[in-house]
Amino acid sequence: MPVPTKQKALLIPVKQGEFTIAERSVPSPESDELLVRNEAAALNPIDWKIHAYSFFVEKYPAVLGSEGAGIVEAVGDSVTGYKPGDRVVYEGFRSDDYNHTTFQQYTTIKADFATKVPDSFTFDQIVTIPATYFTAALGLYHITDGPRFTPPWIEGGRGKYTGTPIVVIGGASAVGSYVIQLAKLSGLSPIIATASLKNKSLLESYGATHVLDRNLSATALREEVLKITGAPVELVFDAISLAETQNAGFDLLAPGGKLIIVLFPAVDEDKTKSGDRTIAGVSSFVNLPQNYAFAKTAFAELPGLVERGDIKPLRFEVLPGGLAGIPAGLDKLKNNQLFEVA
Ligand SMILES: NC(=O)c1ccc[n+]([C@@H]2O[C@H](COP(=O)([O-])OP(=O)(O)OC[C@H]3O[C@@H](n4cnc5c(N)ncnc54)[C@H](OP(=O)(O)O)[C@@H]3O)[C@@H](O)[C@H]2O)c1
């Protein structure tokens, strides 16, 4: 069937305007791109935050969404390894033309930011992986001030860090769930995560060795972590990164330790002025020059990890209504109403 010239997209027509379904042109792939007919798109907290606070976006109408999965419809001239009909998953990104975001029927994406979906996985399962998995991987293996561990897909990386503890704040978040899974592959131990205790067995299935109640005070959290590790830790990954969690995470660190965060830094100034501990921020946009080469490898290695069960897709909820169901889904994310029915 020929590719249509028009498609439906979920637009933000003007700054903070109401989400609206409208028609847009179907883009043509550049020479290094795939044109993908989207079958599934994931929602991320950043989508409601951009809508509510208008950052990262200057041009309207805007199309959001950064994780998609679907069928390749067309392939750019210089792309090798893909053909129309392939099932792919990818991490999109925002650009002025909004051709690379996912809340629309068709997306063009660099082949380097896509990967094939193993046959035994559905689009709904696999679309839970790209952006948050990549965020976790960047923090552990790539960012300049991070620990820069050898990734488990590089020879000698798997299991290399046995006996190195990690604390993951927000282990049940999508980012935190992948930090735990990657930490396990890297051999880090113990892997201590904070979460609502109803998520304890889920996090243990990802590789957490200890799950602590996320409602503990910072002091109580420190006491519990010290009971497990016997000493302050070298590494905390704060997958939530509110001021409260960043401060609690920073307090767990030994001198020379690193706190990895996913939002803007918010640790109290009096704690950071001695400079004895590092705060390292992750910015997971695949198209940033510093992320490009790492993204290419991380996505190329993903199908093998998923097929072997080393990386597990996350639990998910399918929203009814296609594109029209997204705004209500973003409200649920905003109001922390995930998996209420579970
Ligand atoms: N810098 C980047 O490039 C980047 C990339 C992706 C995401 N992010 C940011 O990372 C954050 C997480 O995103 P996500 O998609 O992983 O979130 P998510 O999956 O929506 O996280 C929701 C979960 O977070 C947990 N949580 C909330 N507050 C917590 C707290 N105070 N302590 C411990 N756990 C808490 C809850 O777990 P329980 O059910 O256990 O209570 C909740 O189920 C967001 O702020 C997002 O904007 C940044």
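What to note about this one:
- Scanning the range 331-341 turns up at least one residue that is free of Cβ contacts under 8 Å to residues at least 24 places away in the same chain, more than 21 Å from the chain's Cα centre (by Cα) and either surrounded by fewer than 17 Cβ atoms within 10 Å (Cβ to Cβ) or assigned to a loop (DSSP other than H, G, I, E, B) (or both).
- Qualifying residue in the range 197-207 (condition: surrounded by 21 or more Cβ atoms within 10 Å (Cβ to Cβ), within 16 Å of residue 248 (Cβ to Cβ), in the same structural domain as residue 166 (by TED's automatic domain parsing) and modelled with pLDDT of 95 or more): no
- The residues on offer are 312, 258, and the sole one that is at pLDDT 95 or above, touching a strand residue (DSSP E or B) at 6+ places or on another chain (Cβ under 6 Å) and charged (D, E, K, R) is 258.
- Taking the listed residues 314, 338, 330, the one that is touching a Lys or Arg at 6+ places or on another chain (Cβ under 8 Å), within 12 Å of the ligand (Cβ to nearest atom) and closer than 20 Å to residue 123 by Cα is 338, with no other qualifying.
- In the range 213-226, the residues that are touching a residue at least 12 places away in the same chain (Cβ under 8 Å) and farther than 19 Å from residue 198 by Cα form Cβ pairs under 7 Å with partners that are among the aliphatic types (A, V, I, L, M) and not in a helix (DSSP H, G or I), at six or more places apart or across chains, as follows: 222/252; 225/167; 225/192; 225/233; 225/252.
- Qualifying positions in the range 252-271 - under 18 Å from residue 175 (Cβ atoms) and in a strand (DSSP E or B): 258, 259, 260, 261
- Identity of the residue in the range 31-61, among the polar types (S, T, N, Q) and more than 16 Å from residue 262 (Cα to Cα), that ends up farthest from the ligand (Cβ to nearest atom): 31
- Answer residue from the range 32-91, given it is of a type in the set (Ser, Thr, Tyr) and out of contact with any Ser or Thr (no Cβ under 9 Å at 6 or more places or on another chain) and is nearest to residue 6 (Cα to Cα) among those: 60
- Screening the range 246-288 for residues that are within 15 Å of the ligand (Cβ to nearest atom) and farther than 25 Å from residue 192 by Cβ and picking the one that is least open to solvent (accessible area, probe 1.4 Å) gives 286.
- Residue that is farthest from residue 211 (Cα to Cα) [pool: residues in the range 136-152 that are open to solvent by 40 Å² or more (accessible area, probe 1.4 Å) and outside any helix (DSSP H, G or I)]: 144
- Filtered by the rule that a residue be open to solvent by less than 60 Å² (accessible area, probe 1.4 Å), in a loop (DSSP other than H, G, I, E, B) and closer than 30 Å to residue 337 by Cα, the range 1-26 gives 13, 17, 19.
- Residue check, residue 106 farther than 20 Å from residue 184 by Cα and free of Cβ contacts under 8 Å to residues at least 40 places away in the same chain: no
- Filter result for residue 137 (assigned by TED's automatic domain parsing to the domain that holds residue 256 and under 24 Å from residue 337 (Cβ atoms)): no
The values are calculated or read from the model by the stated rules, or taken from the named source; none is laboratory data. Bear in mind the structure is a predicted one, so any value in this text is a computation, not a measurement. We place every Cβ from the backbone using ideal geometry, glycine too, and count neighbours over all the protein chains shown. Quick note on the areas: whole protein, heavy atoms, side chains included, nothing else; ligands and nucleic acids left out. Shrake-Rupley method; radii C 1.70, N 1.55, O 1.52, S 1.80 Å.
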